[in-house]
Amino acid sequence: MEINFTVHGHSCDLALHPISEKTAHIINEYGSDVYAMKALEWWRKGKTATWGMRIDDVCHVQVTVDGDPIEFDTNLITADPLKIRRRMYLDSKAKYVCVLGFDNELCKFSWQWTTPGAFDPSKFEFMVHQWDRIMGETGYFILDEIRYDNTFANNHDWCDASGYSLVPPRIIDLDEVRRELSLGAPEHEGPPFPSPHVTAQTASE
């Protein structure tokens, strides 16, 4: 049996970066012009990026089994999102983080599995980040990865990409987030979802 899961819509490449109070003032003053500043050219580098497909009103999902389209409840994708607060920054001395990147590149992502047995949609497992708090928008979901029957796809395909525009830099006051947590707000740390490329050494760290 061959399963194809295709999502066509807005892809995004967003990153969180700890910044100083001085840099926060610069960003507040210059807004999106900071993307052209040498000091911020690293926004796409590092290990804080979240790259995936936005699950929004523009998003179109198609699932096929052996080439035949089947009905699929797209609400399953966002039923159990990871509501992540970057613990590495909350436990540090960082006062601010800044969100940089884009979230409106039209693109198509697809995953393909070759697997035995009858098709069962309940075997899909979606890694979806919910960035409502980070982006200041209700229902901000980013589809990062999919597994079927505990297995990563045999093939991935990312294609048909077109242009994008960079989001206005968004600054988050970490002291404000820490105050929320001290008052009992849930931390929303999700369960681990290992990368298919993770090594044994990395997994044990």
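Can you pull the one-decimal nm distance between simple spin-label points at Lys22 and Thr78, each 7 Å off the Cα toward Cβ?
Rounded to a tenth, the inter-label distance reads 4.1 nm.
In region 55-125, which GluC sites (Glu not before Pro) are in a loop and have at most 13 other Cβ atoms within 10 Å, using DSSP for the loop call? Don't skip to the answer; put the middle values down first.
Numbers: sites: Glu71, Glu105, Glu125; in loops: Glu71.
Those that pass, being in a loop and sparsely packed, are Glu71.
Would you kindly find the accessible area of Leu76, with a 1.4 Å probe and non-protein molecules such as ligands, DNA and RNA excluded, rounding to the nearest 10 Å²?
Here the accessible area works out near 80 Å².
Got a sec? What order do Ser110, Ser92 fall in by accessible area at 1.4 Å, biggest, i.e. largest, first? Let's see the in-between values first.
Details: Ser110 25, Ser92 45 Å².
Reading off the accessible areas and sorting them downward yields Ser92, Ser110.
Rolling a 1.4 angstrom probe over the protein chains, ignoring ligands and nucleic acids, what is the accessible area of Cys159 in square angstrom, nearest 10?
So the heavy atoms of Cys159 present about 40 Å² to solvent.
Sticking with the crude label model, points 7 Å out along Cα→Cβ, report the distance from Ser92 to Ala36 in nm, one decimal please.
Reported label-point gap for Ser92 and Ala36 is 2.9 nm.
The values are calculated or read from the model by the stated rules, or taken from the named source; none is laboratory data. These numbers were taken from a predicted model, which means no experiment stands behind them. Methodologically, a virtual Cβ is constructed for each residue, glycine included, from the backbone with ideal geometry; neighbour enumeration extends over all protein chains shown. Areas reflect the complete protein model, heavy atoms only, side chains present, ligands, DNA and RNA absent. Shrake-Rupley method; radii C 1.70, N 1.55, O 1.52, S 1.80 Å.
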